[in-house]
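The values are calculated or read from the model by the stated rules, or taken from the named source; none is laboratory data. These figures come from a predicted structure and were not determined experimentally. Every residue, glycine as well, gets a Cβ built from its backbone with ideal geometry; the counts of neighbours run over all protein chains shown. Surface accessibility is based on the protein's heavy atoms, side chains included, excluding ligands, DNA and RNA. Shrake-Rupley method; radii C 1.70, N 1.55, O 1.52, S 1.80 Å.
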Amino acid sequence: TANQAGNSQYTPANPMTQAFVVKQATLTVTATPISQPFGTALPSPLPQTISGLVGSDATGGTPALTTAYTTTSAVGATFPINVAQGTLAILPPGLTGNYAFNFVPSTLTVTNGTNTITFPALPNTAYGSTVNLTAKASSGLSVSYAVTGPAVLNGTQLMITGVGTVTVTATQTGNTNVAAATPVTQTVTATQAVLLVTANPAMRAFGATNPVFTYQIGGFVNGDSIAAVSGAANL
């Protein structure tokens with residue numbers, strides 16, 4: 001209502017009244033688009049943004065965001081992310097009726113799952129010994145190996161066939177749901193095997209000349225035999 005009381009020259013004006021309707025403010029809850037790697041669990045809670053609060057008003061509780069995605073959903077599939085009020089309220093208490101809620105859905109897209117290789121360091125190993133290879137892919141898919149240097153592969157066992165540096169590279173090529181992993185390389189220093197030369201016991205009579213001393217050689221590996229030895233030990 002507008003009033004004017006007039007003055008010595010003017011009489012009071014007739015009051016004039018106008019009315020308006022105070023409408024609810026709009027609080028908008030917008031679901032955030034998600035790129036979800038195959039086979040992974042959804043974040044909790046699903047991300048969203050809230051806008052439209054007036055003055056010092058605040059929110060309490062959480063909106064309800066739902067989607068039909070599961071960890072077996074195929075790469076490339078899309079799913080709506082639906083939004084509802086859930087327990088969302090306006091604070092201080094009692095102000096919720098001052099707002100109209102606007103819920104904006106979004107989309108979840110299933111992308112290739114991540115795939116990383118864990119490959120522990122390998123110990124230095126003597127010629128003729130074996131090393132177990134224990135690389136694992138985070139996807140659970142099998143890992144393959146490539147070897148350079150004096151060694152051969154037997155499944156997940158590395159057999160050292162010489163002396164030097166052996167390089168082992170673990171790879172995982174992925175599949176339709178999981179990206180290929182970055183290869184991981186480890187090295188092995190292949191050291192010499194140790195041969196044990198043992199003198200055989202000998203006897204002689206007092207005053208006699210020494211007998212011919214003999215010895216045995218042990219510690220051959222990798223199918224080697226005494227034939228691999230040339231020359232003779234000094235006894």
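Before moving on, here are some points about what is shown:
- If the condition is being open to solvent by less than 50 Å² (accessible area, probe 1.4 Å) and within 28 Å of the chain's Cα centre (by Cα), then the stretch 76-102 contributes Ala77, Phe79, Ile81.
- For the stretch 17-41, the set of residues classified as open to solvent by less than 50 Å² (accessible area, probe 1.4 Å) and polar (S, T, N, Q) consists of Thr28, Thr30, Thr32, Gln36, Thr40, listed by residue number.
- Out of Gln192, Gln216, one residue alone is touching a Phe, Trp or Tyr at 6+ places or on another chain (Cβ under 7 Å), open to solvent by 70 Å² or more (accessible area, probe 1.4 Å), more than 30 Å from Val75 (Cβ to Cβ) and among the polar types (S, T, N, Q). It is Gln192.
- Look at (1) under 60 Å from the mean Cα position of the chain (by Cα); (2) at pLDDT below 95; (3) outside any strand (DSSP E or B) and you find that Ala181 fails only one, number (2).
- Among the strands (runs of 3 or more DSSP E) confined to the stretch 1-101, the ones with at least 1 residues that are farther than 30 Å from Ala180 by Cβ are located at 25-31, 48-51, 58-60, 64-66, 78-84, 89-91.
- Those residues of the stretch 160-178 which are at pLDDT below 95 and of a type in the set (A, V, I, L, M), in sequence order: Val178
- Within the stretch 105-148, considering residues that are open to solvent by 50 Å² or more (accessible area, probe 1.4 Å) and more than 26 Å from the chain's Cα centre (by Cα), the one nearest to Pro183 (Cα to Cα): Thr148
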